[in-house]
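Step one of this worksheet: look at the structure below.
The values are calculated or read from the model by the stated rules, or taken from the named source; none is laboratory data. All values reported here derive from a predicted model rather than from experimental measurement. Please note that ligands, DNA and RNA were not included when accessible areas were found on the heavy atoms of the full protein model with its side chains. Shrake-Rupley method; radii C 1.70, N 1.55, O 1.52, S 1.80 Å.
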Amino acid sequence: WSMEDGDRHSVLANVNDDAPGASVTAACISPDGSLVALGDDSGAVGLYELGVGTTPLLTVNPAVDSGADSPVACIRYSPTRYWMACAVGAHVVVYNLETKGVLICTSWHDGGEKRSKTDVTSLAFTAGGTTFVAVHADGATVRVQYE
């Protein structure tokens, strides 16, 4: 949507072709404004060109890469690197978008129910872009991950 005139620019296709009815659960715009990442309840994330593409340029699956059976709760781009962090369950998967590979996969699983107290609900990168913090569902735990 345009903030200037309220017009819709484009409607994007499904993130995950294997889960056509999946609902979008997270979104994030890249620091340069050229890409939008959309995560869904199947655990997949699609990267789209803003205002240009209606199908993903790249699809990654942090739920599969981390072994989590959870929707994407949060997506954040590093402000200085071509990295994208995705929270799924008690995991954070950071992708290097240049190599299209997993840079790091963290896990803070406590073995509890599906919506665990260790589930990550929010992410943020520092201004330098090589450190991120993860906020957990218990409302009290914040973890810091360094490069």
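Relative contact order for the range 24-145: 17 percent, from Cα pairs under 8 Å spaced at least 6 residues apart, divided by residue count. Here the range 24-145 exposes an accessible surface that is 51 percent carbon and sulfur, computed with a 1.4 Å probe and the other protein chains kept in place. Only protein heavy atoms count here; under a 1.4 Å probe, SER107 has an accessible surface of about 70 Å².
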